[in-house]
Every structure is written in C-alpha cells, then in structure tokens.
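Trainee: A single structure is presented below for examination.
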Protein chains: 2
Amino acid sequence: MTDGKYINEDLKRERENPPFDLEALAVAIYGKEMYPKLNKLQRLFAKNENLDLRHTWSCDNKTRYILACRIAEELAHLARKHNLLDDPELVGALQVMVGEEMFLLLHLTMFMCTLEAMCNEEQAKHWMPLARDFRILGTYAQTELSHGSNVSRLETEAVFDEETDEFVLNTPSLTARKWWVGGLAKSCTHCILMARLKIKGKDWGVHPFILQVRDLNDHKSLPGVTLLHIGQKIGYQGVDNGSLHLKNVRIPRKNLLMRFCEVDRDGTYRTTRSRKLLYSTLTFTRKQIIRSAGAHLSRSIVVAIRYSAVRRQFASPGDVDGAEQQVLNYSTTQRTLLPLLGMSIAFIQTGQWTDELYQAFKAEADRDVFDKLEEVHLVTSCLKAYMTLAAAEGIEQCRRACGGHGYLQASGVSLHLVSYLPQVTYEGDFVILSLQAGRLLLKVVGNRMAGNIPSGALTSSVRHLYTFDFDSVSEVAVVTKEDLLSFNWMIKAFEKRACVLVYMTAQRFSSLGGPSSASAFEAIKVDLTKMTVAHAQLLVVRNCLSSLEQLQREGQQPVQRVLECLFRSLALAWLDDHLAEFLTAKAADVESHTLIKETLADACAEARKTAVLVADSFGHSDNFLNSALGRYDGDVYRALFDSTKLDSLNQQDVSESYKLYIQYILHPERKTARPKL
Amino acid sequence: MTDGKYINEDLKRERENPPFDLEALAVAIYGKEMYPKLNKLQRLFAKNENLDLRHTWSCDNKTRYILACRIAEELAHLARKHNLLDDPELVGALQVMVGEEMFLLLHLTMFMCTLEAMCNEEQAKHWMPLARDFRILGTYAQTELSHGSNVSRLETEAVFDEETDEFVLNTPSLTARKWWVGGLAKSCTHCILMARLKIKGKDWGVHPFILQVRDLNDHKSLPGVTLLHIGQKIGYQGVDNGSLHLKNVRIPRKNLLMRFCEVDRDGTYRTTRSRKLLYSTLTFTRKQIIRSAGAHLSRSIVVAIRYSAVRRQFASPGDVDGAEQQVLNYSTTQRTLLPLLGMSIAFIQTGQWTDELYQAFKAEADRDVFDKLEEVHLVTSCLKAYMTLAAAEGIEQCRRACGGHGYLQASGVSLHLVSYLPQVTYEGDFVILSLQAGRLLLKVVGNRMAGNIPSGALTSSVRHLYTFDFDSVSEVAVVTKEDLLSFNWMIKAFEKRACVLVYMTAQRFSSLGGPSSASAFEAIKVDLTKMTVAHAQLLVVRNCLSSLEQLQREGQQPVQRVLECLFRSLALAWLDDHLAEFLTAKAADVESHTLIKETLADACAEARKTAVLVADSFGHSDNFLNSALGRYDGDVYRALFDSTKLDSLNQQDVSESYKLYIQYILHPERKTARPKL
C-alpha cells in the first residue's frame, strides 16, 4: 500500500497473527463476482499518480474543479485503454473508487442511463456510441431554481413548432432556470433536458429531450443558451453545478426521447409503451446511491480505526508504566466505531442485494412486466432514505472520533463528510422518500385486511407484514443473553418492531379519516419516517443473517466469526438506539436495557481485536483514503506536518493580511484617514 | 432589516397580527439586562457594510482569511470608538454577532482572560493595557501535534537558565510542535505558551508563559520561532490556525505568569495561591461556549424557518386550487424545526443561568473560596458536552430542512454548520467532558450513601440525586395528556430518568470493582455519556420552567404562551427521542408512546403559527444571517441568482478546464503524446 519502510509499531502489532484470511474476508464483503473486478480497479487506481487526491487538502475551489477535470481525463483514458465501460458493474464501482466527484461520473451514470432508458432504437443507435466514446459529454437537467422534488411543477417548456418541425425551448421565468445540474456550468456539451411538452396549446407534461449546450469544437455555449455556475458549496467542489437559461432555443423533433411516446410530424402525440418504465431510471439512480453508501462509509471508518489505533491519549488508571493508551481501547470509541465498521459491510452487502432485486425487476420491465415495480420502489425508496442518512451520520461520527485533527482537510474524513452530504438530499430526501415508502407499507396493511395477498408477497421484503401474528403483541418478550446473541431472535425482534409501527400507524390513519383525508395523512407523516427506518434496518439485519448463513454453508468459519461479531455490534447498537420502539412493540422488556448495553459492549470489545485487520481487508489504497490520519503505514504526524508545505499561506513569513489590515489594528496612527473599503 | 421595498407575500402574511409584542419576546429571550446591550450591538453591526459577510459565499480560503482580518480591523475600530471592551458581557456577545471567526476573537477571549487569570499584579499592570488597546495581539498555545486533551503530557519545555535569569524554550520533537493555535500562523504577535517548567533538572509540570512571536513593527517572526499555517479546514477559514516550533528561544524569568507560583532569581519554585484557581480559565472558556450555543443555533433556525415559510412544494391532497403548500406546513418539517426553535431560546437562557453560576463561583474564587468549584465544573462540563453536540446536530437539521439549496454556501446554513463543528471538539470533546461530568455525578451517589450531604447540595443542580425517592422506581407512572402538558410533571420525569441512570450506573460500577478498578471505569464510560445527556437536558428543562414562571409573575401572558408552546415541543421531542430511558426509569409507561407523539405534534403545530414572528424576535440582521435563503424580505430566488455573479467560474464562458483537460477527453487525437502531468 505504501512504498516506504516505516510502519507504526501499534499498527504492526494489530496486524500480527490474523485469525482469518484477509482476502477471504474481502471476498465475503464484496461478493465472489465483484471482488476480482473491484480488486483489479483498486490495483489500477492505487499506483496511479494522476489519481493522487492530496491537492484537495489545500487548493482553492476553482483549482479543485480544474484538477477534477484532470482526473476525469485520466479516467476517460483508462476507460478507453482498459475497456472499463464494457462491464456496467465496474462503472458503479469506479464512481466511488476514484475518490473525487466530477462531471464525467454524471455522464457515465445519469446521462448514459437515461439515454439507454429513454431513447427509441434509432435514437440509441445515434447517441449511445457517441456517449460511450466520450465524443459528447452529457448530464441530466431536471431541477429548477424553485422546483426540486415536485417534478410535475417544472416550468421549462418545449413548444412544438409544426412549421419547422422543431421544439422551441424556453425557461420562462427566474425560478424556471435549471439549477444544480452537475457538470453543466463549464464541462458538458449535452444534457437531457426535462421540460413540459406543449403541442398546439396542450400541455402533455414533463418529457425528456436531448439538448446540445456547447460547441463540440471550441466549447463555446450555443446561441440562446446561458450557462452559469451556481456558486460555491461546502463540498463536492470537483463538480461545476450549473444553471441553464434557454431563450427560444430550437431543437429538431427527434430530440424528444421517444421510447415511451412519439410526436408525429403533424404534432400527434402517441404513447407507445407503459410509462411505468420511467420508474426504472429513478429507481436505477437510487439503487446506485444505495450500492455506494457502504463503500463511502467504509472510507471514513478505515481512517478512524487506523488513526484510533495509532493515537494514544491518557494512561489507563491501573497502568504502572503510565504509557498513554490507544484510543481504540476506549469503550466509548468502540461503541462508536465498531457498529459503524459492521454497518459499512452490512450496507455493502445490502447494496448488492438491492442490485439483484433491481436487475430482476429490470429484466421483467424490459418485457413490459411490472410485477416487481412496487417491491423495488419500496426497497429503493426506503433504503435510499435511511442508508444515506446513516452513512452521513456515520462519517461525521468517524470525523469526530479523529479528535481535533478530523477537522483538517488533510484528515480526509472531513472531506468525505462534506462531499457525501448532498447524497442525503438529492434524488429524494429522507422525508420525501420515507413518505413514499411509508405509503407502500400502509398499502400492505390494506391488502392484508382485504384478504388480498398478492403473488410473491410471502417471499417479498414485506412478508413479515403478511404473516405477523397479532396475538403476539400482547406478550412481552423477556430478553435473555442467549436471545441477544442469536440472529434469528434479532430478526424476529426487528420484524415485530417494524410490524407494530406499521399497524399502529395504519390504525391511527384510519381513525383520523384514512386516505380521503389530507389532514390524516399529514398527521401520520412523522410515523411514516419511523416506519421507514424500522423497515430499512430490518432489511439490513436480514442481509446480515443471510451473509452469515452462506459463510456457514461454505465452511468459512474464521470469516464468519469476525463478521458475526461486527454484525452483532451493529444490530445491538440499533436495538439500543431505538429501544423505545422495541419496548412499545413488546419485542423486548423494560428490564432488558442493561443486558442489551452489556452485550453490546462485549460485542464491540471482541470486534475491536481484529478491527485494524478488517479495515485493511477493504483494500482501500492511500490514494482513495486521501488521509494523513488513515495511511496504511500509520506515519500520521509526519504526514500532517508535510501537508503544511502545500498551503498557500506558508509561502511567505509576513502575510498580506498584515500590510492591509493587521498593522492598522496594532498601529492605528499609521492610518491617517480610514479610506472607504 | 432591509432597505428594499419587496417583502415576500407569505412572510407578510406570517407577520400579520402578532399575538405578542416582538420586543417583549426579545427581552424574555435575552434577559432584561442583556437585551438593551445586545440590541445596541445588533444595530451597530446591521448597517455596517464592512461587516457584510457575503464574500464568504464565493471567495477562496486565503482571501477569506484576509477579509476576516479586515473585519477584525473594523471590530478593533468599533471597540476603540464605542468602548466596547468596557463591558465584558458585550465581548462575549460580539464574538457571536460579528458572524465570522477571526484571530481577534481569540485575543479578546482566550488571551486576555488567561492574562487576567494568570498574571500577578505587576504583570497584569504591564500586559493588560497593551492587550486592551490592541498594541499586542495574542492567542493561547497549548495543544501540540500529538497532545490535545491530556495536558500533562505536553512536551514543549521551558528550562530555567540561572546564569542569564531566563527560560530557554524548545519544542523538542516533531510531535511537540504547537498545533491548532488560532491566529498564530500569520496574525498574532504574542501567545500564552503552555510549557513544562524545568529548573535544575526538576520538572514542575505545565505552566503558562507569555511569549512574543512576531516583531511589533514589521510583523516578521522572531529568531528561533518558526510559525506555520497548519492547513485548510472544512470551515473556520477566517482563522489562521498555526503551528509553532521553538529552538532555544530565550524569555526573561518574569514572562512566567506568576499568579499561582513564583520562581526566584536563584531558581526556587514557590506556590503562592491555590492551583484550583486554574480551573477558572478552563471553566470560563467552557462557559463562553455554552453561552453562545443558543445564539449559533438561532442563526440557522431563523434561516430554516423563514425559508420554509417562503418555499412551496407539492399541493396538499385535499386542496382544490392545487397551489403548492408552504414547507413549514408539513408536520415533518414542524417536528424538526419547532423543537429546535425552542431549543435555541432554552439554550440562550441556560447559557445566562450558567453565566450567573460562574460569576458567583468566580467572585468566591477570587477570595480563595472554592465551595462552588465542583458544581461549576459539573455544570460547565456537562452543558459544554451536550449543548455543542445538540447545537451542531440542530444546525445540520436546519441545513437539511432547506433542501438542496442548503448545501450552497449562499444558504448561510452550510457555512454555519462547518464553522460551528469545531466547537463540539475543542475545549474538551463530548466524551472527555462526559466522563468528567459523569464521575462527579457518581460522586454524589457516594456522598449520599455515606450520609454526607454537603452544604448547598439541596439547592444545587444535583439536588434531585440527594432527594430521590428510591421506592418510586418500582412504580410505573401512567402518563396522561395533562401530565404531558404540565412542566412540573415534565421536570419530575426528567429528574427520575436522570436519577435512575446515575444510580444504576453507580450500582454497576460498584459491582464491577468500583473506583479502584480500571476495567470497571472503562465498562461504565458509555453510561457516563448517557448520564451527561440526561443531566444536561434536565438543567435545560428546569431553566425553561423558571423562565415561564417569571413571565407568569410579570403578567407577560402573551409571551409566556408562545414560549410555553415552544418549550413544550422541545421537552416532548426529548422525551420522544430518549423514551427508552424514561421507560426504563418507569417515569413513563410503555403505552404512552402514541400519546407523547400526538401531544408533540400538537405542540409543534401550535408553535408553527408564530414561528416566523419568533424568528424575527431574535433581531438577527441580514448581515449576521449571511444567507440568501433567510433574508428578512424573503426574496430568496433573486438572491440566489445574484450570488452567482460573484463566482470566479462565471468570469468566462469557456473555462481553462476545457483547454487543459476536457478537450482531450472529447478529442483524444488532439493530444499526440500524453505528457507526464
């Protein structure tokens, strides 16, 4: 991982005598199919000095954007050379693994996927090869200055002009300007434009168009197109989020993406395929976000664990020689970091499971079969909402666990945090997606009450809601230590908690007037968010169990033991954090609180023993971690010191600030008259 | 607040017919003594164009530091002109209200307060006038590269040289370099240096020295002194955090600050006063942080509330005309924002209470009476730990409540967040202070068990631990709606929860071996953090009640009503968030969950009605809010659009990124050979 000879003594000790094979753990984390592919990418990126991200520790935002374009160029180069785009799985992986955000990633995901989903055959034949070979660079323009989640209110319009066989594009007001479009300010040449289709005065609603915004030869913005950078953000500075103003821009009729509908030469509008397919793009993007949540979190947790092994603070009271102890030995640190380590792995695996669910849906949808639509919509809404929030909060926990240095950009974790934060918001924020997921969960209750059990329901993610035994609510479960160590008990407990939340909410909803009452829905919204969290955690815990069962079947006991301990610390931490819900559901008894905390502390202490080895197993390169604190060699203080050499303020002893301002604080008499600033 | 004529229609409506007097509420929030002073500052700062902070939306970090020095100069100018330093209360207030971080604030707080606390009379006479008139600019240098919280392990040393009557200062290793010292890189001329005092080979431990680091005339760093900027952080860019390396730097003996001890000409070390007084600086800084937590949070909540009143999204299902509704009408938004609005006010008031406690302690301590030391140490540790965490999390909630735009620097809230985050860590992070607070709470149990009730205990903040009725633990309180509406019930519930946590932990601690066992202490650390949160929330809820009682006595019913509703939403939100602890303590029954959630939703809905008016009452100027979204006039989209004009990427249509990199992605053939980057 590093070429130097130095390895910090504590890390060396942590790495002695691993009780499991590191590569076997990596295979278990990433899956047998993915591991070799990922490993190939990891090795390709690790030694590439064009992918060294340390400039992000010190450069200004504009330079960071420009250097992100350098990385984009390198990535395009690698993609061409190694045919990276041939494998769609690799595309998702490289998006995380390159470690920096840039317009090219939006081209590879949002733009190309929308083309794939929305073009008819002829259009696909024209546009896809151009996009795959980077001969056009695209992005996806939907959000407007005052219109985000409520797509139906978008203002941008495409009016069909029969005379010229063109659409005339306009953003008719200040608030209609496209806003936030990644890569649109200065980088992309094309975009998918979401706009209201209007024909002969009739509004057909929002449709996707393809629009060229910059000249392919000299990159100048085209007539009628005004592109602006929307300004600085607290992170994500590699991407130039753009604003787009359109004034009577004309595009040919065939630039309407026509997989679902067609507009004829005479302006006749015709639907050709089910609009349900439109969900597949939406779901695709959410699925990608879900897939990457664990990887993002793992980047920060690896830093926090390695640094907590290197960093020493306070002697333990009983220690005779008085040496300060590793921060990783603190029970408080363990309570924070070990569940997050388990969460990283559980999220990566849950991401893979979601991917499989999505692929199965997609395969059917391409044949216009939509049986799995509701299930995939529920799972992706619910997991996108919860996992991004949990990952963002987890990254912040990791940052704080690094103490004061966690605030430095050179720590890496602070940069991970501010770059990850938008994922919590975009593509449906926690509340909006919770409401969608919650509605679907309520619908299940309706189905069951009506005696309507759809086919597949009993093997779906909501099977517990169909099989839930209402009589069990009156029995309080008295929790034993054995229960807490059993994953089967844990799943029953998480199911019971999830069921009771859903059924109580359904009851309240119905008593307040049900679906026909706006105020009833308003009154249960907060409950819907709690149902979403409970459902998401249940899905993750179920994935933990299947992963352990598989390792058991494969005779991978050493790996199974280490994962079991991590997953237990995660499940117990959730049980502890949300105990009131488990108590209300009578899935646990009030007296169990202490037992839960003790069992959790034991699981964390056990998991701590191999924490550095597990962190190593992710295979994250120093390039990817981009952290002075999380380096493989643990030479953290030297790295922090070296990082100061890059800083612009260190280029001179006396700063301009003195000449311009500070001297007049110290010597006000030097300023004969205060000039107007 | 703004000079323009435009006021957003929704805000106009929210401001119609206020059911209370806005100034009366402001007086209630800030206190009768503070309000006129604050109001004076608010007016002084609001119209000052040198205190316009909008450059922080777009400038690079180095420029931001330099412009923070411009603000510092303006502040020094105002301080001289209006004698702002004469009133110590104003100093604390202006620190928050100037809205940007800068070295001068460290001069005014850490540096001057340490001088005041640590100088003997002669030293004070020399240094204080220089500092007060900004003829020297100082900071406080304690933390080292690998030494933060554990002060006793600092490596920097001051060796007494009898021959020359000087101390010889050295940072003997890489990790001994002072690190993180605010303002030390490029701004300050002096610092308080914490270093090990060594005389004739004997190590007397860490002591404060005053050290000049830069020339007063030309600002060059002095011989033997190496100053570096430690690098970029994700926020707080107005401050140049520095590193200091010392090589055989000599300072006269009298530069040891000698209030507590003296070193004679012949090297004799003598303690002159109780070292307990040293706690007063530590406590002072924590108290200042506590005092400002509510104000910081209020800055973000004002933005979030105003923007949620202006921003519209989705029509409500029952609405006939289909207009999108104000986001503030969502029950989910209300559940997030209204408790935080209550929290801002409760934190401001709790800060004032802490201040009074501190002043009483300080007055006694100056006479070498330390009866209140333990109480003040407990209260400040506990509240610093909890309130900074809660405020930081609250600010992030406000940021998320602003949707996607909350991520823009122009939103203000994103900048508030990243600038506030270090407060959670510095001056003792959550865990370290929790352990200190927790230990003191356990000590109370020991006192009571030993039948030892110290004087003042029954009026102190831990009185509930002395009077707690153990028999009550076996009775489960069945909660009624009336209970939840009563603040007296609420305080009993918070007391019971806090007591049970402490007594259960004490029991566990003792069963594991008690104070003599290191592993026993390790085992209860997590519990100590939970005890700290419970104790802190109890203190805040008690402050809410006294505030309401005072308004009652004063016949201020309209203001009382609005605060009661906000405080209720806060207390109920805490009850909801931590319900498991209340259930375990039998302070509530398992069946009460739904009732709590409903009562909370009602309180939030009621508080929503006057939310914009309450937000206005804080008196925050647009300068201070520094937010396109939180402007008084609600002209948010125009402001966002205008903000793009400042951005450096918008100065040209085709960016350098195209010439340097993007063109080679589009046209790889233009690059005949890939040059090494």
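Trainee: Answer yes or no: is there a residue in segment B:368-378 that is crowded, with 23+ Cβ neighbours inside 10 Å and under 20 Å from B:Ser434 (Cβ atoms).
Mentor: Checking segment B:368-378: at least one residue is crowded, with 23+ Cβ neighbours inside 10 Å and under 20 Å from B:Ser434 (Cβ atoms).
Trainee: Here is a list: A:Gly322, A:Gly238. Which entry is within 14 Å of chain B (Cβ to nearest Cβ) and buried (at least 22 other Cβ atoms within 10 Å of the Cβ)?
Mentor: A:Gly238
Trainee: Within segment B:52-63, track down each residue that is facing chain A (nearest Cβ under 10 Å) and assigned to a helix (DSSP H, G or I).
Mentor: B:Thr56, B:Trp57, B:Asn61, B:Lys62, B:Thr63
Trainee: Still on this structure, I have one more. Sort out which residues of segment A:412-433 are farther than 20 Å from A:Leu528 by Cβ and at the interface with chain B (Cβ under 9 Å from one of its Cβ atoms), and write them in order of number.
Mentor: Within segment A:412-433, A:Ser414, A:Leu415, A:Leu417, A:Val418, A:Leu421, A:Pro422, A:Tyr426 qualify.
Trainee: While we're on this one: Test each condition in (1) in contact (Cβ under 8 Å) with a residue 12 or more places away in the chain; (2) under 29 Å from A:Val614 (Cβ atoms); (3) within 16 Å of the chain's Cα centre (by Cα) for A:Leu433 and report the one that comes out false.
Mentor: It is condition (2) that A:Leu433 fails.
Trainee: Considering each of A:Glu364, A:Glu356, A:Glu396 in turn, give the residue that is assigned to a helix (DSSP H, G or I) and facing another protein chain (nearest Cβ under 9 Å).
Mentor: A:Glu396
Trainee: Give the residues of segment A:617-637 that are touching a residue at least 24 places away in the same chain (Cβ under 8 Å) and over 22 Å from the mean Cα position of the chain (by Cα), sorted by residue number.
Mentor: A:Ala628, A:Leu629, A:Arg631, A:Tyr632, A:Asp633, A:Gly634, A:Asp635, A:Val636
Trainee: Another question, then. Quick one: in segment A:639-662, of everything that is in a helix (DSSP H, G or I) and more than 7 Å from chain B (Cβ to nearest Cβ), which residue is farthest from A:Ile7 (Cα to Cα)?
Mentor: Filtering first and then ranking leaves A:Lys659.
Trainee: Further, regarding this structure: Being in contact (Cβ under 8 Å) with a residue 12 or more places away in the chain and either among the polar types (S, T, N, Q) or assigned by the TED database to the domain that holds A:Pro208 (or both) narrows it down to one of A:Leu169, A:Leu115, A:Leu67, A:Leu75, so name that one.
Mentor: Matching residue, one of A:Leu169, A:Leu115, A:Leu67, A:Leu75: A:Leu169.
Trainee: Still on this structure: Suppose we filter B:Ile29, B:Ile66 for residues that are buried (at least 18 other Cβ atoms within 10 Å of the Cβ), hydrophobic (A, V, I, L, M, F, W, C), out of contact with any Asp or Glu (no Cβ under 9 Å at 6 or more places or on another chain) and modelled with pLDDT of 95 or more; which single one remains?
Mentor: Result: B:Ile29 is the single residue among B:Ile29, B:Ile66 that is buried (at least 18 other Cβ atoms within 10 Å of the Cβ), hydrophobic (A, V, I, L, M, F, W, C), out of contact with any Asp or Glu (no Cβ under 9 Å at 6 or more places or on another chain) and modelled with pLDDT of 95 or more.
Every residue, every condition in (1) in contact with a Cys (Cβ under 9 Å, 6 or more places away or on another chain); (2) within 14 Å of chain B (Cβ to nearest Cβ), yes or no:
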| residue | (1), (2) |
| --- | --- |
| A:Leu337 | yes, yes |
| A:Ser344 | no, no |
| A:Thr350 | yes, no |
| A:Leu373 | no, no |
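Trainee: Based on what the data block shows, is A:Leu408 within 12 Å of the chain's Cα centre (by Cα), facing chain B (nearest Cβ under 8 Å) and either crowded, with 20+ Cβ neighbours inside 10 Å or farther than 26 Å from A:Ser300 by Cβ (or both)?
Mentor: For A:Leu408, the condition - within 12 Å of the chain's Cα centre (by Cα), facing chain B (nearest Cβ under 8 Å) and either crowded, with 20+ Cβ neighbours inside 10 Å or farther than 26 Å from A:Ser300 by Cβ (or both) - is not met.
Trainee: Going by what's in this entry, would B:Thr388 be described as part of a helix (DSSP H, G or I), of a type in the set (S, T, N, Q), within 30 Å of B:Met102 (Cα to Cα) and more than 14 Å from every other protein chain (Cβ to nearest Cβ)?
Mentor: It is false that B:Thr388 is part of a helix (DSSP H, G or I), of a type in the set (S, T, N, Q), within 30 Å of B:Met102 (Cα to Cα) and more than 14 Å from every other protein chain (Cβ to nearest Cβ).
Conditions (1) outside any loop (DSSP other than H, G, I, E, B); (2) farther than 20 Å from A:Thr644 by Cβ; (3) in contact (Cβ under 8 Å) with a residue 12 or more places away in the chain, marked per residue:
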residue: B:Cys188; (1), (2), (3): no, no, yes
residue: B:Arg196; (1), (2), (3): yes, yes, yes
residue: B:Asp218; (1), (2), (3): no, yes, no
residue: B:Leu227; (1), (2), (3): yes, no, yes
residue: B:His245; (1), (2), (3): yes, no, yes
residue: B:Lys254; (1), (2), (3): yes, yes, yes
residue: B:Arg259; (1), (2), (3): no, yes, yes
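Trainee: Of (1) out of contact with any Ser or Thr (no Cβ under 7 Å at 6 or more places or on another chain); (2) on the phi < 0 side of the Ramachandran plot; (3) surrounded by fewer than 21 Cβ atoms within 10 Å (Cβ to Cβ), B:Ser300 satisfies all except one. Which?
Mentor: It is condition (3) that B:Ser300 fails.
Trainee: Here's something else I'd like to know. Quick check on my filter: what residues within segment B:196-235 are facing chain A (nearest Cβ under 7 Å) and of a type in the set (Ser, Thr, Tyr)?
Mentor: Of everything in segment B:196-235, just one residue is facing chain A (nearest Cβ under 7 Å) and of a type in the set (Ser, Thr, Tyr), namely B:Ser221.
Trainee: Where in segment A:73-171 are the helices (runs of 4 or more DSSP H), entirely inside, with at least 2 residues that are under 22 Å from A:Gln237 (Cα atoms) and away from chain B (no Cβ under 14 Å)?
Mentor: In segment A:73-171, A:88-97 are the helices (runs of 4 or more DSSP H) which contain 2 or more residues that are under 22 Å from A:Gln237 (Cα atoms) and away from chain B (no Cβ under 14 Å).
Trainee: May I ask you to verify whether B:Lys597 is in contact with an Asp or Glu (Cβ under 7 Å, 6 or more places away or on another chain) and without any contact (Cβ under 8 Å) to a residue 40 or more places away in the chain?
Mentor: For B:Lys597, the condition - in contact with an Asp or Glu (Cβ under 7 Å, 6 or more places away or on another chain) and without any contact (Cβ under 8 Å) to a residue 40 or more places away in the chain - is met.
Trainee: I've got another one for you. Provide a single number: the residues in segment B:389-408 that are farther than 19 Å from B:Leu328 by Cα and touching a residue at least 12 places away in the same chain (Cβ under 8 Å).
Mentor: Of the residues in that region, 5 qualify.
Trainee: Please give the number of the condition A:Cys188 fails out of (1) more than 25 Å from A:Glu74 (Cβ to Cβ); (2) within 11 Å of another protein chain (Cβ to nearest Cβ); (3) crowded, with 23+ Cβ neighbours inside 10 Å; (4) not hydroxyl-bearing (Ser, Thr, Tyr).
Mentor: Checking A:Cys188 against (1) more than 25 Å from A:Glu74 (Cβ to Cβ); (2) within 11 Å of another protein chain (Cβ to nearest Cβ); (3) crowded, with 23+ Cβ neighbours inside 10 Å; (4) not hydroxyl-bearing (Ser, Thr, Tyr), the one that fails is (1).
Trainee: Same structure again: Restricting attention to segment A:506-546, report how many residues are among the acidic types (Asp, Glu) and surrounded by fewer than 23 Cβ atoms within 10 Å (Cβ to Cβ).
Mentor: 1
Trainee: Next question. What number of residues within segment A:548-579 are surrounded by fewer than 24 Cβ atoms within 10 Å (Cβ to Cβ) and among the small types (Gly, Ala, Ser)?
Mentor: The qualifying residues number 2.
Trainee: Just to be sure I understand, how many residues within segment B:508-522 are of a type outside the set (Lys, Arg), within 34 Å of the chain's Cα centre (by Cα) and at the interface with another protein chain (Cβ under 9 Å from one of its Cβ atoms)?
Mentor: 5
Trainee: Would you mention how many residues in segment A:303-348 are among the β-branched types (Val, Ile, Thr) and modelled with pLDDT under 95?
Mentor: So the count comes out to 1.
Trainee: Among what's in segment B:267-297 and is of a type outside the set (Ser, Thr, Tyr) and more than 25 Å from B:Ala385 (Cα to Cα), pick the residue that is surrounded by the fewest Cβ atoms within 10 Å (Cβ to Cβ).
Mentor: Looking at residues that are of a type outside the set (Ser, Thr, Tyr) and more than 25 Å from B:Ala385 (Cα to Cα), I get B:Arg270.
Trainee: Does A:Glu364 satisfy being closer than 27 Å to A:Leu548 by Cβ and among the acidic types (Asp, Glu)?
Mentor: Criteria not met by A:Glu364.
The values are calculated or read from the model by the stated rules, or taken from the named source; none is laboratory data. Note that this is a predicted model, so its numbers are computed, not measured. Cβ atoms come from the backbone with ideal geometry, glycine included; neighbour counts cover every protein chain shown.
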